[in-house]
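Trainee: Sharing a structure with you now.
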């Protein structure tokens, strides 16, 4: 038997000469890739947006604002028209399909200077909005005519916030239409979030104000809208003139305790998180360019579970303490008031607003929904153990490319399941459907099955699976620790 | 027991993880010169297009390898000392093994074209090629791709995504029509041209022209047409990478010759995946399979054999999938480009040319499917083929096979009507 002497080179010397440290040096942004041709329509649209900004700045700095329509219509009209036409000209001549070219190279989309600047600007806006609204006085004046028209009352900072929020959902919803025009799931759920934001979370509450009824948001429930079941809010609603206030309390209780479990059982958490919720609505529209930024590591998953369930416990505790305090003539009032204030400040304002939206361009579009939202925590527990919803994996077609994991805004390692041919049943999944859309091999499908018992081994015994999960953390089906 | 696996592609890694499941205490080492960690080869294109980072193409977190005690060695294997049971490594000396799995994958074909070794001429198979493509693309405004397979169209899509003008030179009359029936192939021609990519058919490459500095400046076709370009992608398929074993006593044919348990002619040396050629036991054709899922499936069986189990590879019912620009393709069962004797082909195509279904029967029983722009359930299609369901039954239940996302427009009514007419 012939044996090559030590060190004999059998393989191509050119191959051996290859050494590149792909871990350290990677495959990043191309040094000088050819720019996408800028179409004239896009240039004109950018000009219109710039003009809108100019009008906005001039109005805010120099003009006497007396609740007139002109500066409002001119500034926001130009901004909106420019954005819509920019998106239109960007996508209209492209072939329908996934539009992720260059996402990882983009300054805006991959934590470049623009992303940081946007993050700081958004964060700054929230800080001013919550704690120094006096600096927004002139901006609030700008939207005064709309507030008068809808509510018959002066605008305040929350009206301004609602208006800008709704505008973002609608404009960037249009961007979703253009990007996903080959995919009816995305078109329909985008219409849904636009509708709920525009009608239930913006126009209707203003009409209620016009009618001297309580300003109520029918698309938000406890524990996300935590104060809706606080004794103070309930008293206020029940004691407001007419029956509508009492109906609002009834609606809130029904939605939190009956509609939520029932709808989640049939359709999964998505019926709320990516179809109805305003936070979800903004994340799925304005936040879409940053959906890939959420971390995917097992460590981030552990942090997620620790924080989100802590917030859930905290709001349950706060609510309970407030009720005890209010029904027992002030017992516990020493802790109930600070607790309420603390939750409102740190969770309601700092976490959900400043970090949740302000950090979109840096941490991804679902920071609040993934790590903080107590409503998502409740929906997640129901989805994980007591729901028919699952993401089905199509046999052996997965080739582990990782597009699904990359574009999962909730940081789920979808690929880890798909490549093993397992269904994805995870509490955090909001059912946005992007994993299915980006999969180049047709492997993933969001489905409402005929029962909850065929989703994974043991799912016919949800209580057992639930108790296992509680006693052993998530070391049950679907934990990446168990992948071999 | 120390098992060494050469190659950290899908076959090597699947074998390693399977072996770890079965033999929790054995020492297992994976050697690769290409990358420190396993990554998904089909995702190379998404790195280049900016859809994904390199980091994201790794199916396992780095800590996985430590947790599973799978030792990783970053080095090239340059020789095998069969008598002493040692591998010769390029930089780090010798590595003894008790059992050895060769999973070295495949190599891009080169057909001896004049100029094929010029700068700016390359294939696309591994990270080295991707590095080269990064550099070559920087100076390219026009690229020519020669060879019309799956890698060719991926390369076209990659370069197109960076706004490089692409000309696609294929030998065949229509894209990939040596594999796909002419109708499906025609849909893809249309897509290629819709993207603004030049498709030149039935044309062979004659030579690649040097610009005087050892770099490509043009290609010349067999009809003496000259196409100026700064990059040439050569993608005429791949062959088993047998470099490592060529001058050893390990027998090779086109690939490393193995039995259906991946044993080579040398005891304790195995080979699986793209580099392996499975010798037919009944005098039929030897089997070389070079797609992702067969690499994974072979790796699983190889891991079991390495662990000492008596397992044999069963190829099962063929399936595959691909995406041509935005058009998804799935196939279940084997369909050749032209109907074989006894086969009956039924075909429906949507007027938009974005959806099509082909149903192939033999003797009235279902044999295979092609789906273009429609997702189909693997489990259902495979079961129908395995159970030899009648074509009538399949048409009557076609909607059960649909795997499109919710709210997608369904075409079953038209498909079934059209296919039934053809059947009658």
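No value in this document is a laboratory result; all are computed from the given coordinates. Note that the structure is a prediction, hence the values are computed from the model and not measured. Counting neighbours? That spans all protein chains shown, and the Cβs are built from the backbone with ideal geometry, glycine included.
Trainee: Taking beta carbons within 10 Å but only from partner chains, what does the mean come to for residues B:38-46?
Mentor: 5
Trainee: With the Cα gyration tensor of region A:39-93 in hand, convert its eigenvalues to equivalent ellipsoid semi-axes via √(5λ) and list them largest first in whole Å.
Mentor: Gyration-tensor ellipsoid for region A:39-93: 26, 10, 5 Å.
Trainee: Let me ask something additional. Tell me the volume per residue, in Å³, of the convex hull enclosing the alpha carbons of region B:361-424.
Mentor: Cα-based convex hull of region B:361-424, divided per residue, equals 82 Å³.
Trainee: Counting other beta carbons within 10 Å of each residue's own, what order do B:334, A:176 fall into, fewest first?
Mentor: Fewest-to-most ranking of B:334, A:176: B:334, A:176.
Trainee: Let's test this: bin the Cα-Cα distances of region B:185-278 at 10 Å from zero up to the farthest pair and state each bin's percent.
Mentor: 14, 26, 18, 24, 17, 1
Trainee: So for region B:319-423, what percent of the C-alpha to C-alpha distances run longer than 17 Å? Please report the intermediate quantities before stating the final value.
Mentor: Details: 2639 of 5460 pairs.
Summing the P(r) tail past 17 Å for region B:319-423 gives 48 percent.
Trainee: Give me D for region B:121-236 in µm² s⁻¹, whole number, from Stokes-Einstein with Rh from the Kirkwood sum over alpha-carbon pairs, 4 °C and 1.567 mPa s. Let's see the in-between values first.
Mentor: Values: Rh = 14.2 Å.
Answer from the Stokes-Einstein relation: 91 µm²/s.
Trainee: Next question, about the same structure. Over 5 Å intervals from 0, what percent of Cα-Cα pairs in region B:236-374 sits in each interval?
Mentor: Values per bin, smallest distances first: 2, 9, 15, 16, 16, 13, 11, 9, 6, 2, 1, 0.
Trainee: Going by a ≥ b ≥ c, the root eigenvalues of the Cα gyration tensor, does region A:112-385 fall in the rounded group (a/c under 1.5), the prolate group (a/b larger than b/c) or the oblate group?
Mentor: rounded
Trainee: Once a ≥ b ≥ c are taken as the square roots of the eigenvalues of the Cα gyration tensor of chain B, is the result rounded (a/c under 1.5), prolate (a/b larger than b/c) or oblate (a/b not larger than b/c)? Don't jump to the answer; show the numbers that get you there.
Mentor: On the way: a/c = 1.84, a/b = 1.17, b/c = 1.57.
Oblate, since a/c reaches 1.5 and b/c is not below a/b.
Trainee: In the Gaussian network model of chain B, springs joining C-alpha atoms below 10 Å, which of B:359, B:256, B:220 carries the largest mean-square fluctuation?
Mentor: Highest fluctuation among the options: B:220.
Trainee: Separate question: Helix A:244-254 versus the longest principal axis of chain A: what angle, 0 to 90°, nearest 10, using Cα atoms?
Mentor: The two axes meet at around 20 degrees.
Trainee: Evaluate the distance, in nm, between pseudo-label points positioned 7 Å from the Cα of residue B:163 and of residue A:307 along their respective Cα→Cβ axes.
Mentor: 3.8 nm
Trainee: Of the beta bridges DSSP finds with both residues in the protein assembly as shown, what % are antiparallel, to the nearest 5?
Mentor: Expressed as a percentage, antiparallel bridges in the protein assembly as shown total about 60.
Trainee: Determine, at each q value in 0.07, 0.11, 0.13 (inverse angstroms), the log₁₀ of I(q)/I(0) that the Debye formula gives when each Cα of chain A is one equal point scatterer.
Mentor: -0.43, -1.02, -1.37
Trainee: Please report the Cα spread of region A:278-425 along all three principal axes, rounded to whole Å, starting with the longest.
Mentor: Its Cα atoms span 64, 34, 26 Å along the three principal axes.
Trainee: Please express the shape of region A:386-482 as an equivalent ellipsoid: the semi-axes are the square roots of 5 times the eigenvalues of the C-alpha gyration tensor, given largest first in whole angstrom.
Mentor: 22, 14, 12
Trainee: If you don't mind, there's one more thing I want to ask. Test of understanding: in a Gaussian network model of chain B with alpha carbons linked when under 10 Å, which of B:290, B:122, B:195 would top the mean-square fluctuation ranking?
Mentor: B:195
Trainee: Would you kindly work out the equivalent ellipsoid of the protein assembly as shown from its C-alpha gyration tensor and give its semi-axes, the square roots of five times the eigenvalues, largest first in whole Å?
Mentor: Values for the protein assembly as shown, descending: 53, 33, 28 Å.
Trainee: How would you classify region A:115-214 from its alpha-carbon gyration tensor, with a ≥ b ≥ c the square roots of the eigenvalues: rounded for a/c under 1.5, else prolate if a/b is greater than b/c, otherwise oblate?
Mentor: Oblate, because a/c is 1.5 or more while a/b does not exceed b/c.
Trainee: Taking only Cα atoms, what is the 0 to 90° angle, nearest 10, from helix A:333-342's long axis to the longest principal axis of chain A?
Mentor: 60 degrees
Trainee: Using only Cα atoms, find the angle between the long axis of helix A:40-62 and the longest principal axis of chain A, and express it within 0 to 90 degrees, rounded to the nearest 10.
Mentor: That works out to roughly 40 degrees.
Trainee: Using helices alone, I'd like the mean residue ellipticity at 222 nm for chain B: each DSSP H run of four-plus residues gives -39500 (n - 2.57), total over residue count, nearest 500.
Mentor: On the way: 10 runs with 102 residues, N = 424.
It lands at -7000 deg cm²/dmol.
Trainee: Shielding by partners for B:372-382, please: the mean number of other protein chain Cβ atoms within 10 Å of each residue's Cβ.
Mentor: Other-chain Cβ atoms within 10 Å of each residue's Cβ, averaged: 4.
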